[in-house]
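Here is the structure we will look at, set down as structure tokens.
The values are calculated or read from the model by the stated rules, or taken from the named source; none is laboratory data. None of these values were measured; they are calculated from a predicted model. Virtual Cβ from ideal backbone geometry, glycine too; neighbours counted across all protein chains shown. Surface areas here come from the heavy atoms of the whole protein model, side chains and all, with no ligands, DNA or RNA. Shrake-Rupley method; radii C 1.70, N 1.55, O 1.52, S 1.80 Å.
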Amino acid sequence: MVTNWRMKVEKKFEDFTHLTIKYRFIALFLTLALVIGLASNLPKITFDTSTEGFLYKDDPQILMYNDFRNQFGRDEKIIVAIKTKDVFDKAFLEKLFKLHEEIQEKVPYIKEVDSLKNARKTIGNKSELIVEDLFLDGIPDDTKKLKAIADFAKTNSIYKDLYLNADSTFTTIMITTNTYTSVGADEFDALSDGFGDDTHGDEELEFITGAETNELIVTLEEILKKYKADDFKIYDAGSPIVTKNLQTTLMADMSTFILYVILTISILLFLTFRRVSGVVIPLMVVILTLLATIGSMALLGYPITSMTQILPSLLLAVAIGDSIHILSIFYHKYDETGDKNLAITYAIGHSGLAVVMTSFTTAASLLSFAISDIAPVAALGIFSAIGVSLALVLTLVLIPVLLSLTPMKHKIKDEDSFLDKFMINIANFSINYSKSIVTTAFIVIVVSLVLGSQMQFSHNPLHWFKKDNVVRTNTETIDKELRGSISIEVVLDTGEENGVYNPHFLNTLEKVTQEIYTYKGENYFIGKIVSINDVLKEIHMALNENRGEYYVIPQNKDLIAQEFLLFENSGSDDLEEIVDSQFSKTRMSIKAPWVDSVEYVEMIDELQLLLNEEFKGMASVSVTGTLPILSTTITKSIESSIESYIIAFIVIAILMVILIGNFKLGLLSMIPNLTPIMFAIAFMVVFDLPLDMFTILIGAIAIGMVVDDTIHYMHNFKRYYILHNDVDEAIRLTLHSSGRAILITSVVLSSGFLVFMFASMTNLFNFGLITGITVIVAMITNLTLTGALMKLVIKSHADI
């Protein structure tokens, strides 16, 4: 009954192919129309490598972050750090101030530029508060006056690790970009950027775009080049710098990968088929698939991200497999009969069902990512599945059409070729050593499970750059010298007007600040915390003859309100970045080094717990900013990946059972697919490769790809076993007919991923290396372990 069902399906594929060839010009026109229609959207494609781009726009962390930016402006500052022998050398200061002014005048989309030039200096007496710039009157010629300014700056707690490092050999220029985009903004919007509360009328303003930020950085870096010198070493860093360089590297690498993969596939196809048609036709299928898939991304408004950049190379490698299987059978039959149309229909009839099933299993495995809480991962799953589906349609339609239109000669097949003999030897090996092969596979699985417990997780976009990359070295230098380059933002909302004036609230804020300073991990520390208390203590000391013992929080609410009023009346607008206009909510900025966000997960949880407990009944607490987004990303990535793996395994197992028509064999056939994945886990642990945002995808991607060879193997094994009623003969015939295609597709697939080892980013290098090795191991298990399992399990027709 199963045999009749299979024969009927194969006949349907043959009939479909006859129809396609008969109406080939119509089929060609409709197919190209579909591709051109989708590909026409390619100019609309955008790029997004921002930190917040990892999460959905309606994710609670993103909503919280957007509320923060609407209230207090953008937290992602660009840090320009300058190293010299003595920051307070007059010639150095002149050059620093000139750079400050040029940045302020020429760099677009900037809200504020802060440095020692305009650092806030708060002094006063009992009757007057004076808030002015540190160098209000310029750089003094008098060395004593300059020294007095230097002494003031070196002892100012706010300047420490913000404008100056410990030995005054580093200083900074801090650049705050506009919060909102200038695209479509009127003059009032531009002038009021970042001001006011978190309400902007009924219209929701758009945040500054990646293109605007990139334009800002390009202009800035052109200016910085002019100032670099041995005594004026410049290090620029900050989240916008990292994001911009990720995007630049992504675009360069993606075009390189596409070229390398196409070149690699072309060479391997030519070596395999030694025919021009064997190279051109499969390449047309995969290139058209790629254009249509990326076009569909642009049509639906999905950007290219650091995750989806692997999509073009992934599709090029995956989509070629079906073409190879069909062409292998076609050329074999064509050389045997000389009848092209007969060979085409035979090839599609023979492999059509297997091709459809392999496409379904691959698409299902990739589509399991669609449930991910990480937006780029979900997009990768959705569009890679769409790409595989498009490749299936193009393979079943375009290949018959193009083959029928292409003139070619048939060749006399060398039945005794080296590859044929090699496949027979592998078949004999799996038959004669079946128990040893199966035992070895189970040992690999058990050892991998043990090693898997030692797997290390990681999410650090900075470490995607190589150790000597300027973005990475600049950031690490600033982290070391100025104790941090990335922030955690805490918003405390008292829920009542003037609630921030409450001394109990401020005392609690001071208490938790000192507690947070004690947080320390293996690689992270708390570099600096800035809050409204710093401003208040500075005001209070200034109004008490600048005496150090008055650098404390006043304990009278009315006095606190009066001191803040004096500060606002002094002309300074610095409070707008720390507290809302109603003094009901305030901000605490926690600066830390850019290290692996996995280290911050526990710390942020501990911070949230501390703040909730201490401010219970006084204020609601929101913890946001770049660091919390990064830590949320890795946490959700791990959780979503586990769900994706389970879904992929279950769906593929069900499809295997349906295809094979036997529950036991369907499940057994999963062993050759799990073994290479378990091997990859052991490989990662042994060579200390982390499970990051990219390598965590390998399992679900690999199982969807490597199961294709198992399907082709089992599809043909069952056919030959039914014909000959002999397991050994069925194994030999399966490898003789399909082994070559399995070998070739695996080599092409692994080469397509190993190309990522040419990447300039380490995460892509690791992804390509591990995936390539996994595919090679999968090829070995499919050629040996699958046959060994059949040898041990199949005893009669009842078993199949």
Flagged in region 528-555 as surrounded by fewer than 20 Cβ atoms within 10 Å (Cβ to Cβ) and either hydroxyl-bearing (S, T, Y) or touching a Gly at 6+ places or on another chain (Cβ under 9 Å) (or both), in numbering order, are K528, M541, N544, E545, N546, Y550, Y551
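Results for (1) among the hydrophobic types (A, V, I, L, M, F, W, C); (2) under 28 Å from T176 (Cβ atoms); (3) open to solvent by 20 Å² or more (accessible area, probe 1.4 Å), shown as yes or no for each residue.
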site: R472; (1), (2), (3): no, yes, yes
site: L506; (1), (2), (3): yes, yes, no
site: T518; (1), (2), (3): no, no, yes
site: K557; (1), (2), (3): no, no, yes
site: A561; (1), (2), (3): yes, yes, yes
Condition set touching a Leu at 6+ places or on another chain (Cβ under 8 Å) and assigned to a helix (DSSP H, G or I), scope region 576-610, selection surrounded by the fewest Cβ atoms within 10 Å (Cβ to Cβ): answer is I604
Picked from region 406-427 (must be in contact with a helix residue (DSSP H, G or I) (Cβ under 8 Å, 6 or more places away or on another chain) and closer than 25 Å to A27 by Cβ), the residue modelled with the highest pLDDT is T406
Residues in region 658-706 that are assigned to a loop (DSSP other than H, G, I, E, B) and closer than 30 Å to T308 by Cβ total 8
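Within the bounds of region 142-151, is there any residue that is of a type in the set (G, A, S) and either assigned to a loop (DSSP other than H, G, I, E, B) or closer than 21 Å to G527 by Cβ (or both)?
Filtering region 142-151 down to residues of a type in the set (G, A, S) leaves 148, 150.
With either assigned to a loop (DSSP other than H, G, I, E, B) or closer than 21 Å to G527 by Cβ (or both) added as a condition, the list becomes none.
No: region 142-151 contains no residue that is of a type in the set (G, A, S) and either assigned to a loop (DSSP other than H, G, I, E, B) or closer than 21 Å to G527 by Cβ (or both).
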Taking the conditions exactly as written (closer than 26 Å to N41 by Cβ, of a type in the set (A, V, I, L, M, F, W, C) and touching a residue at least 40 places away in the same chain (Cβ under 8 Å)), does F232 satisfy them or not? no
Has region 428-445 got at least one residue that is outside any loop (DSSP other than H, G, I, E, B), open to solvent by 90 Å² or more (accessible area, probe 1.4 Å), more than 17 Å from A592 (Cα to Cα) and modelled with pLDDT under 90? no
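Looking only at residues that are of a type in the set (S, T, N, Q) and assigned to a helix (DSSP H, G or I) in region 749-776, which one is most open to solvent (accessible area, probe 1.4 Å)? Let's see the steps before the verdict.
Of the residues in region 749-776, the ones of a type in the set (S, T, N, Q) are 750-751, 760, 762-763, 766, 771, 774.
Now restrict to residues that are assigned to a helix (DSSP H, G or I): 750-751, 762-763, 766, 771, 774.
Working: S750: 7, S751: 26, T762: 44, N763: 2, N766: 23, T771: 1, T774: 2 Å².
Only one residue tops the list, namely T762.
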Residue pairs qualifying under the 6 Å Cβ cut-off, at least six apart or on distinct chains, with the first in region 151-166 being modelled with pLDDT of 95 or more and the second being among the hydrophobic types (A, V, I, L, M, F, W, C) and in a loop (DSSP other than H, G, I, E, B), are Y163/L116; Y163/A119
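Does F525 meet the test of being in contact (Cβ under 8 Å) with a residue 40 or more places away in the chain and over 44 Å from the mean Cα position of the chain (by Cα)? Working first, answer last.
Working: in contact (Cβ under 8 Å) with a residue 40 or more places away in the chain: yes; over 44 Å from the mean Cα position of the chain (by Cα): no.
When the stated conditions are applied, F525 does not pass them.
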(1) without any contact (Cβ under 8 Å) to a residue 12 or more places away in the chain; (2) open to solvent by less than 40 Å² (accessible area, probe 1.4 Å) all hold for S640 apart from (1)
Condition set among the polar types (S, T, N, Q) and at pLDDT below 90, scope region 365-405, selection surrounded by the fewest Cβ atoms within 10 Å (Cβ to Cβ): answer is S372
Among M693, M705, the single one that is crowded, with 20+ Cβ neighbours inside 10 Å, closer than 18 Å to I326 by Cα and modelled with pLDDT under 85 is M705
Going through region 153-164 in order, the residues found to be farther than 30 Å from E212 by Cα, open to solvent by less than 60 Å² (accessible area, probe 1.4 Å) and either part of a loop (DSSP other than H, G, I, E, B) or not small (G, A, S) (or both) are N156, S157, I158
Within region 291-335, residues being within 23 Å of S750 (Cβ to Cβ) and part of a helix (DSSP H, G or I) number 24
R74 fails exactly one of (1) farther than 28 Å from M588 by Cβ; (2) open to solvent by less than 40 Å² (accessible area, probe 1.4 Å); (3) among the basic types (K, R), namely (1)
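Please tell me if T395 is farther than 30 Å from I294 by Cα and either of a type outside the set (V, I, T) or part of a helix (DSSP H, G or I) (or both). Please lay out each step first, then the result.
Numbers: farther than 30 Å from I294 by Cα: no; either of a type outside the set (V, I, T) or part of a helix (DSSP H, G or I) (or both): yes.
Spelling it out, it is not the case that T395 is farther than 30 Å from I294 by Cα and either of a type outside the set (V, I, T) or part of a helix (DSSP H, G or I) (or both).
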Filter region 306-342 for residues that are open to solvent by less than 10 Å² (accessible area, probe 1.4 Å) and of a type in the set (S, T, N, Q); the one that is nearest to the chain's Cα centre (by Cα) is S306
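Looking at E489, E497, which is the one that is touching a residue at least 60 places away in the same chain (Cβ under 8 Å) and open to solvent by 50 Å² or more (accessible area, probe 1.4 Å)? Explain how you work it out, then say what you get.
Working: E489 fails: open to solvent by 50 Å² or more (accessible area, probe 1.4 Å).
Exactly one residue qualifies, and that residue is E497.
For region 459-470: of the residues being under 22 Å from L689 (Cβ atoms) and assigned to a helix (DSSP H, G or I), which is most open to solvent (accessible area, probe 1.4 Å)?
Just the residues of region 459-470 that are under 22 Å from L689 (Cβ atoms), to begin with: 459-469.
Adding the requirement that they be assigned to a helix (DSSP H, G or I) leaves 461-464.
Values: P461: 7, L462: 0, H463: 76, W464: 9 Å².
Applying the filter and picking the extreme gives H463.
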*Is it the case that some residue within region 14-24 is open to solvent by 20 Å² or more (accessible area, probe 1.4 Å), in contact with a Ser or Thr (Cβ under 9 Å, 6 or more places away or on another chain) and without any contact (Cβ under 8 Å) to a residue 24 or more places away in the chain?*
yes
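Mind checking whether some residue in region 103-126 is part of a helix (DSSP H, G or I) and open to solvent by less than 10 Å² (accessible area, probe 1.4 Å)? Please lay out each step first, then the result.
The initial filter retains those residues of region 103-126 that are part of a helix (DSSP H, G or I), namely 103-106.
Those left that are additionally open to solvent by less than 10 Å² (accessible area, probe 1.4 Å): 103.
The answer is yes; a qualifying residue exists.
Can you tell me which residue in region 127-137 is farthest from D573 (Cα to Cα), limited to those that are aliphatic (A, V, I, L, M) and open to solvent by 50 Å² or more (accessible area, probe 1.4 Å)?
Within region 127-137, the subset aliphatic (A, V, I, L, M) is 129-131, 134, 136.
Among the residues that remain, those that are also open to solvent by 50 Å² or more (accessible area, probe 1.4 Å) are: 130, 136.
On the way: I130: 13, L136: 16 Å.
Checked region 127-137; the qualifying residue farthest from D573 (Cα to Cα) is L136.
Looking at A741, A788, A778, A730, which is the one that is hydrophobic (A, V, I, L, M, F, W, C) and modelled with pLDDT under 85?
Values: A788 fails: modelled with pLDDT under 85; A778 fails: modelled with pLDDT under 85; A730 fails: modelled with pLDDT under 85.
Just a single option satisfies the conditions, and that option is A741.
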Of (1) within 23 Å of L314 (Cα to Cα); (2) in contact with an Asp or Glu (Cβ under 9 Å, 6 or more places away or on another chain); (3) of a type outside the set (D, E), N662 fails just (1)
Within the bounds of region 721-742, is there any residue that is open to solvent by 40 Å² or more (accessible area, probe 1.4 Å), out of contact with any Phe, Trp or Tyr (no Cβ under 9 Å at 6 or more places or on another chain) and within 28 Å of H463 (Cα to Cα)?
no
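Every residue in region 281-300 that is open to solvent by 40 Å² or more (accessible area, probe 1.4 Å) and either in contact (Cβ under 8 Å) with a residue 40 or more places away in the chain or among the small types (G, A, S) (or both), please. Steps first, please.
Start the filter on region 281-300 by keeping residues that are open to solvent by 40 Å² or more (accessible area, probe 1.4 Å), which leaves 284, 287, 291, 299-300.
Correct list: M284, L291, L299.
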When every residue in region 707-739 that is of a type in the set (A, V, I, L, M, F, W, C) and under 24 Å from Y331 (Cα atoms) is compared, the one nearest to the chain's Cα centre (by Cα) is I711
